[in-house]
Amino acid sequence: MLKQAVLHFILAQPNHGRLICKLKLGDSLHIYKISGKLGHKATENSPAAISCTLPQVIHQVRSGDRIFIDDGKIGAIVLSTSNEDHIELEITSPIHGTSKIRPEKGMNFPDSALNLPALTAEDMDNLDFIVKHATAVALSFVHQPQDLFDLRSALDKLGHAGIGIVAKIETADAIHNLAQILIAGLELPKFGILIARGDLAVEVGFENLALVQEDILCLCEAAHIPVILATQVLETLAKSGLPTRAEITDAAMGQRAECVMLNKGTHILEAVKTLSRLLSSEERHYIKKRHVFREFTMQRGVFE
């Protein structure tokens, strides 16, 4: 899987340790614009600071833009971009308590217009390994059809034009360009969609995720494009052994997709068994809706 560093960053780890920044509502946070600078915790004289894998992105944000860290667990707003060394943020969420920024967590910039290449140099290095050991490659943070064509061209140069490509849908741009992305995908030998709900929820708003997910599933079903449903499916069950009522209902929606992705956890085997039972039950119900109700409506000329 290609981890494209468009919206996904890794916090610096000085001295090979695990830097953890503790922040609360109203705190200041700096993000370095300069490559190679390491982050640090807050001191009496300066706020906490972090760095990322693609610092040139930080040059493209504007004052007033929102930035979210770790799938939206921490929210901030850009106060100033005038300093040559860093941008200055103010923490806006969570409202209560203290949050921790840990290494290797993602960042999202839903308000920023980022102009970045579809494939980075690191992606190209990863491709050389992927084509030798995998049958498909997933491209993170797809924005437009050209991203798919660029990946296909790179695969062609490596002599593997027929390898499968999975477009991860996790940005607002991808939703706006979804129809064009699907049409471009139909030109590829093997193509699928992955609904990456973690970043997608941050990008489009948590309250809009259910509607956006339904739109993606409907469009892909109409285009006969396979879908992978991912992020937090039965996560509580996998980690604690006891599912919530809401996530059981959510997991049942996986019947609409061709594949459902589960995250690791101590009770992952039980999560797999539960998911299997849920999808088998929902499949019977779905067949009933497709065939029984279709026959009922055909009697009245609906499909004639």
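Coordinate-derived values only; no laboratory data. These numbers were taken from a predicted model, which means no experiment stands behind them. Positions of Cβ are generated from backbone atoms using ideal geometry, with glycine treated the same way; all protein chains shown enter the neighbour counts.
With r defined as the distance between the Cβ atoms of residue 269 and residue 96 and R0 fixed at 51 Å, what FRET efficiency is calculated, to the nearest 0.05? Once rounded, the FRET efficiency stands at 0.90. Rounded to whole Å, the principal axis extents of the Cα atoms in the stretch 121-298 read 48, 47, 31, largest first. Rounding to the nearest 20 debye, state how big the charge dipole of the chain is about its Cα centre with +1 on each Lys and Arg Cβ and -1 on each Asp and Glu Cβ. The dipole of the chain has a size of about 940 debye. Across the chain, the relative contact order, built from alpha-carbon pairs under 8 Å that are at least six residues apart, equals 13 percent. Pair-distance distribution of the stretch 231-271: all C-alpha pairs, bin width 5 Å, starting at 0; shares per bin in whole percent are 6, 27, 33, 24, 8, 1.
Taking the chain as a Gaussian network of alpha-carbon nodes connected by springs under 10 Å, the highest mean-square fluctuation of the residues 25, 211, 119 belongs to 211. With a 10 Å cut-off between alpha carbons and a GNM built on the chain, which of 276, 99, 240 moves the most? Comparing 276, 99, 240 in a Gaussian network model of the chain, the most mobile one is 240.
Listed by number, the DSSP H helices of the chain that run 20 Å or longer by alpha-carbon position along their axis and have mean Kyte hydropathy of at least -0.5 are 209-223, 268-287.
Projected onto its three principal axes, the C-alpha set of the chain covers 76, 48, 36 Å, listed from the longest axis down.
Highest mobility in the GNM of the chain, judged by mean-square fluctuation with C-alpha springs under 10 Å and restricted to 155, 242, 278, is found for 242. When the convex hull of its Cα atoms is viewed from all sides, the stretch 14-108 shows a mean projected area of 5.9 nm². About its Cα centre, the dipole of the stretch 14-108 is roughly 300 debye, where the only charges are +1 on Lys and Arg Cβ and -1 on Asp and Glu Cβ. Ranking 23, 51, 112 by how far each Cα lies toward the positive end of the dipole of the chain (charges on Cβ) leaves 23 at the top. Restricting the trypsin sites (Lys or Arg not before Pro) of the stretch 137-202 to loop positions (DSSP other than H, G, I, E, B) with no more than 15 neighbouring Cβ atoms within 10 Å leaves 190.
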